[in-house]
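> Input: one structure, supplied below.
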Amino acid sequence: MTAKVALIETKPSRNNYRQLFQDSFEFEQFSLSQDETLKKVLKKDVTLKIDLNEYDWVILVGSEPLKHFTKETAITKFSGRMIGDNILPVINPAIIHFKQEAKATWEQSRDNIIGYVTGSKSVFKPDGDDFVGIEDEEEAYNYLCGVLAQPYSYIGLDTETAGLYPRDGYIIGISISGAPDTGAYINTDCISERIEEKFQEIFNKKVVVFHNAKFDLAMLEYHFNFTFPRFEDTMLMHYMLEETPGTHGLKDLALKYTKYGDYEKPMYDWMDQYRKEHGIKKDDFRWEWIPFDIMKDYAALDAAVTFILYEFFDSYLVKNDRLYGVYKKILIPAVRFLTDAQDWGVPFDIERLEWSRDRMTSKIQEANDMLQAHESVKRFIEITGEFNPNSVKQLRSLLFDYVGLQPTGKTTGTGQNSTDAEVLGILAKEHEIPQLILNVRKQGKIKNTYLDKIIPQLDKDGYLRTNFNLHTTTSGRLSSSGKLNMQQIPRDDPIVKGCIKAKEGYKIVAVDLTTAEMYYAAILSGDENLQDVFRSGGNFHSTIAHKVFNLECEIEEVAELYSGYRQAAKAISFGILYGAGAHKIAEQVKQDGGRMTIREAQEVIDDYFKAFPKLKKWIDANNAFIASNGFVYSFFGRKRRLPNVKEGNPGQVAHEIRSGLNFLVQSVASDINLMGAIDAHNEIKEKKLDAHIFALVHDSILAEVREDLVDEYTEILLRNIQTDRGLTIPGTPIGCDMDVGDDYSFGKFEKQYGSEYNLQAA
């Protein structure tokens, strides 16, 4: 029997879907709207009337039909995967012309859809006997004995929890899979001492496979005191195979790589209905409210999917020594290290936080008073009746209509003139009001984003536990998320950093790599002239300027006598690793307070590369390799995939090449820092020193160290950072700057706020 198929796109297009689906089946074609002039089809624009139940299959092309007919919005995630009983979403094939990496997604989605419609592919329905929920101690014990007896050397393990941090919640249940297509979800209420012992016996004898090990390790170690001699992480394995952020979730990978599809959808449907019936917002829903009978099958499948993914990913990783080496030698040790660092937490001074919050409230009022007192703003208020700096509409009217500033050309998604921070920064050079608005926004962000949110999230000991992520950047650099993003703490106002304060008898110690990316570029390129700059010591940028421009002075005099040349040297040193041309270099010099034409910038670039010819040769060779191959490997084995260099537009190609070149040095600097921190942490643990690394922020390693151990700690850390890992200039290890103080501002808080704060404290 021929299937009845409907294909629905957003609006009529030129896509030849019959050809695209290889004439494999017949279908009726529809559009949400027939108005081809619409840039975006909103709900009010939809004219299509259709009963999806009249069709065996409904193909939804693009995100807008997906959103209209389902509750989902992530078209790439569900492309080619079945939703419900008959809905098959797929990305719009036209996107391939703009994003070459979408080609593989389209082809796989097309093949899946053809399979479903023609009957050669079907959704797997798990057998209830293979996935069980256990609430009885004896049943749990017998099941674990069965897992232990399985011939496989590894198990899949997962937890369901009542919180995202060990101190904020508890473990509701543990899922375990000891063989393909099997799994159990064990309620923690039935976990007795002998069950704990049996779990630990399994963990001692088998490799434990997690998906996001850092999360589950922290939970299981904190609440059950389990130990894990050997573990793997399928999330990080996938990150090695595909570094694109946002693609590493267990549900996404289950859709893409297993037969189980969107197996948790019935549970999420139950959650949606529960929230609707009880009037609960999505963010307020608590996981422990899900009944055991609803949770058990899907929780058991989490462990089973993890088990399957490990077998699949491992078979690919072991074939690539470089990727496997990064995973085993950097990422897995980093999981253990970051679990410990996160558990120690960021030390805060609650009294200073509360004072800072009140002080920032005053600063916001002061900044707003200055804005409202400006003559142009007062006249605007007289005309319009009010002015709210948070109203984008009113702000546009004030700046562009009333004051008469010219828009920068940057627009919002709806085509309106932008008034974001970048635009205001440009306009501030022409008028006072944009800077006054920036001041109000800056103070407001510090209070609302940091001070207000930090205080209620502190644990009882005054520490804040947040996340550091290994899998969310394409370069391999760490990111931070959760209760506090440590990578985005304000730099130009020390009030937040000043609240990160060591407890009495301890110090905050920060160690930063010095000019790291240029240091590693000198080694990777083999440019002896550039390496000599580091061997000579002294200020790097002054030395570069002295060498490139043949300045007739001592190096230490360059900053004073030839500041323009030093600015140019600094701009080029950083710019060339980001693919900056003469226009960008000239612009950067101007931003730094200097003066330079585009022609002068090009001459400076030429002089720079004459001084460092091997660096130029290395850059050109890698740019050519990236353009030809669409990928590049870092020194330690990370892979950066850049498919748009093949068929992208010229702008995309140039961007991809720049990204690839920058990756070569940025990833190396990040990995050196991370490996140094890991090795130092392990040595400190072995010696049982009262010193604790609690954060990696960009190229800085932060620790809370007992005062009498600061010298010993810094010796250990510097030695491990400067260890030769195959990327060291002989006799000249990477430079490190060190700061030691009571708080993370290292005196800046006291300098700016100390008199006010100490006066109140007194």
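> From the phi angles alone, apply the Karplus equation (6.51, -1.76, 1.60; θ = phi - 60°) to the stretch 255-272 and give each ³J(HN,Hα) in whole Hz, x where the residue is Gly or Pro.
Ordered by residue, 3J(HN,Hα) equals 4, 7, 10, 10, 8, 7, x, 8, 5, 8, 4, x, 5, 5, 5, 4, 4, 4 Hz.
> Rounded to whole Hz and in sequence order, give me ³J(HN,Hα) for the stretch 652-658 from the Karplus expression 6.51 cos²θ - 1.76 cosθ + 1.60, θ = phi - 60°, writing x for Gly and Pro.
Values per residue, Gly and Pro as x: 5, 4, 4, 5, 4, 5, 4 Hz.
> With label points built 7 Å along Cα→Cβ from the Cα atoms of Leu42 and Ser376, find their separation and express it in nm.
The two pseudo-label positions are separated by 3.1 nm.
> Using helices alone, what [θ] at 222 nm do you get for the chain, with -39,500 (n - 2.57) per DSSP H run of 4 or more residues, divided over all residues and rounded to the nearest 500?
Working: 31 runs with 364 residues, N = 762.
My calculation for the chain gives -14500 deg cm²/dmol from helical runs alone.
> Pull up all non-local amide H partners of Gly133: gap of 5 or more, or a different chain, and H-to-H distance under 5 Å with H placed in the peptide plane.
For Gly133, whose amide H was placed from the backbone, the distant partners under 5 Å are Tyr185.
> Take the alpha carbon atoms of the stretch 1-71, find their center, do the same for the stretch 685-745, and report the distance between the two centers in whole angstrom.
58 Å
> Quick query: amide H of Ser31 versus all other amide H atoms, modeled in the peptide plane; which residues come in under 5 Å with a sequence gap of 5 or more or a different chain?
Those lying under 5 Å, H to H, from Ser31 are Glu9.
> Each label point is 7 Å from the Cα along the Cα-to-Cβ direction; what then is the distance between the points at Lys584 and His97, in nm?
Distance between the two pseudo-spin positions: 2.8 nm.
> Calculate the FRET efficiency for Asn629 and Glu683 from the Cβ-Cβ distance with a Förster distance of 30 Å, rounded to the nearest 0.05.
After rounding, the FRET efficiency stands at 0.15.
> If you add up the charges near Leu52, with Lys and Arg at +1 and Asp and Glu at -1, over every other residue whose beta carbon is less than 13 angstrom from its beta carbon, what do you get?
Here the count lands on -3.
> How far is the Cα center of the stretch 330-349 from the Cα center of the stretch 228-302, in Å?
Taking the Cα centre of each part, the stretch 330-349 and the stretch 228-302 sit 25 Å apart.
> While we're looking at this one, here's another question. Could you give me D for the stretch 399-474, from Stokes-Einstein at 37 °C and 0.692 mPa s, where the hydrodynamic radius is the Kirkwood radius over C-alpha pairs? Units µm² s⁻¹, please.
Working: Rh = 15.7 Å.
The diffusion coefficient I find is 210 µm²/s.
> Whole-Hz Karplus ³J(HN,Hα) for the stretch 692-709, in order, using 6.51 cos²θ - 1.76 cosθ + 1.60 and θ = phi - 60°, x for Gly and Pro?
9, 5, 10, 6, 10, 10, 6, 9, 10, 10, 9, 9, 10, 10, 4, 3, 6, 10
> Would you mind calculating the gained length between Glu221 and Asp284 on full extension (0.36 nm times residue separation, minus the Cα-Cα distance), in nm to one decimal? All intermediate terms of the calculation are to be shown ahead of the outcome.
On the way: separation 63, 0.36 × 63 = 22.68 nm, distance 2.67 nm.
Length difference between fully extended and current span is 20.0 nm.
> Considering only DSSP beta bridges where both residues belong to the chain, give the percentage that are antiparallel (nearest 5). Could you put the intermediate results ahead of the total?
On the way: 42 of 64 bridges.
Within the chain, antiparallel bridges account for around 65 percent of the total.
> Could you let me know the centre-to-centre spacing of the stretch 377-456 and the stretch 612-640, using Cα atoms, in angstrom?
The stretch 377-456 and the stretch 612-640 have Cα centres separated by 42 Å.
> Here are several values of Rg/Rh (Cα atoms, Kirkwood Rh): [x] 1.50; [y] 0.98; [z] 1.00. Which one was derived from the coordinates shown?
Recomputing Rg/Rh (Cα atoms, Kirkwood Rh) here gives the entry labelled [y].
> Report, for the stretch 131-319, the % of DSSP beta bridges that are antiparallel, rounded to 5.
So the antiparallel bridges in the stretch 131-319 amount to around 50 percent.
> Let me check against my output: what whole-number percent is the relative contact order of the chain, with C-alpha pairs under 8 Å and at least 6 apart?
Value for the chain: 11 percent.
> Defining a contact as two alpha carbons under 8 Å apart and six or more residues distant in sequence, what relative contact order in percent does the stretch 528-611 show?
Numbers: 81 pairs, mean separation 20.6, N = 84.
Relative contact order of the stretch 528-611: 25 percent.
> Still on this structure, I have one more. Would you mind calculating the gained length between Arg725 and Asp739 on full extension (0.36 nm times residue separation, minus the Cα-Cα distance), in nm to one decimal? Walk me through the intermediate numbers first.
Working: separation 14, 0.36 × 14 = 5.04 nm, distance 2.49 nm.
Gain on stretching Arg725 to Asp739: 2.5 nm.
Read-outs: derived from the displayed coordinates by stated rules, not from any lab. Just so it is clear, the structure is predicted and the values come from calculations on it, not from any experiment. Counting neighbours? That spans all protein chains shown, and the Cβs are built from the backbone with ideal geometry, glycine included.
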